[in-house]
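Worksheet: one structure, shown below.
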Amino acid sequence: GRHSTPMTLKLNIQSGSEAPAMAGDWVMEHCRQAGLGESAAFRVMTCVVEAVNNCVEHAYREQPGEIGIRLFRNAHWLVVQVQDRGAPLTRQAATAEPDPLQIDGRGWFIMQQWMDVAQYRRRYLSNVVTLAKCLEE
């Protein structure tokens, strides 16, 4: 059954080659607990793995750094935010809201297709990627 009690969970991991898989396993586990079916859980996990991969490769450019993952769910939504303090994910610093499709073609295309919301924001000194899935289907 699905829990209607809202909850927020946090995971902080170090940027590195292990980070995407660690984040993916953690998110997959909580998607299952939220009552998502296997295919929906797989899609959420894949998008989170892509987002974390972007942190490792682009934001931190293979340098050490921290990646914060926050998962929120209630009866209607599952929301995952991936945050890092690395370089902005676009060269066009002039635009406050860059076209997310220009950041990383493949990963962003998947996120846009598979999630109900996929959004990138530069907030203060952080990159924040928000991925949301509606649980009412």
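What follows is calculated from the coordinates using simple rules that are stated; it is not laboratory data. Source: prediction; values computed, not measured. Quick reminder, even Gly has a Cβ in these numbers, built from the backbone with ideal geometry, and neighbours come from all protein chains shown.
Per-structure values
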{"item": "Within region 1-47, trypsin sites (Lys or Arg not before Pro) in DSSP loop having at most 16 other beta-carbon neighbours inside 10 Å", "result": "2"}
{"item": "Two-site FRET efficiency, residue 116 against residue 33, from Cβ-Cβ distance with R₀ of 22 Å, rounded to 0.05", "result": "0.65"}
{"item": "Cα shape, region 1-41, gyration tensor, a/c 1.5 rule", "result": "oblate"}
{"item": "Residue 76-residue 124 FRET efficiency (beta carbon distance; Förster radius 30 Å; 0.05 resolution)", "result": "0.55"}
